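A.B. asks: Here it is, the structure in full.
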Amino acid sequence: MADPLKYYIVHKPFQTLSQFSPEEGKKTLKDYFNVPADVYPVGRLDYDSEGLLLLTNDKYLNHRLLNPKFKHPRVYWVQVEGDITQDAIQRLNTGVEISLKSGKYKTLPAVCTILDNVNIDERNPPIRFRKEQPTTWISLQLIEGKNRQVRKMTASVGFPTLRLLRFSIEKLQLEELTSGKMKEISREMAYKMLIK
């Protein structure tokens, strides 16, 4: 008999690989989350990024979320170095040129706004703090996921990323989950929040 379908939302900590298989000297999801052996993350977050990951053994849902043709929105909260300008926000919204292994790439239009009150725990270890250098939190919604895209986008407009947290996938949000925590959700909730 097939294993029942399982769905978990987790808050991936900073400096953690988006995988369960061990890699010498680096923390993985296995260091934080105990799930059935056939459950894997849908997509990934970079080692130095934090936030929302979906873990499941539902192959159909995995396909729907990873196939680029479905263009599902993902929202990232990004702390950038400096007081971001309206010009930079406009450029992020209309698309910027970044470098990929395949060459230069123009990103699809995004939705970028400044966040006034970001209520998340301090990162461990914390970001470098320089009193003379201000920072800005922005929300950046993308419908594509190129390698290190958010970091490349903010750098391309002159505001390097200091901290990066995925806040949502479609309508599924991180909510109150703190770093290293997990919450199981039902199949009905997963499909309601993730399938258009």
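The values are calculated or read from the model by the stated rules, or taken from the named source; none is laboratory data. Only a predicted model underlies this, so the values are computations on that prediction, with no experimental measurement involved. Glycine also receives a Cβ, built like all others from the backbone with ideal geometry; neighbour counts cover every protein chain displayed. Ligands, DNA and RNA are excluded from the accessible area calculation, which covers all protein heavy atoms including side chains. Shrake-Rupley method; radii C 1.70, N 1.55, O 1.52, S 1.80 Å.
A.B. asks: Looking only at segment 26-77, count every residue that is loosely packed, with under 15 Cβ neighbours inside 10 Å, more than 15 Å from the chain's Cα centre (by Cα) and closer than 30 Å to residue 128 by Cβ and tell me the total.
C.D. replies: Of the residues in that region, 3 qualify.
A.B. asks: Is at least one residue of segment 120-134 more than 16 Å from the chain's Cα centre (by Cα), among the aliphatic types (A, V, I, L, M) and farther than 22 Å from residue 193 by Cα?
C.D. replies: Yes: one or more hits.
A.B. asks: Does residue 178 meet the test of being of a type outside the set (Lys, Arg) and not in a loop (DSSP other than H, G, I, E, B)?
C.D. replies: In short, no.
A.B. asks: Restricting the search to segment 140-184, which residues are open to solvent by 20 Å² or more (accessible area, probe 1.4 Å), farther than 19 Å from residue 16 by Cβ, touching a residue at least 12 places away in the same chain (Cβ under 8 Å) and not charged (D, E, K, R)?
C.D. replies: Residues satisfying the conditions are 141, 143, 156, 158, 159, 160, 173.
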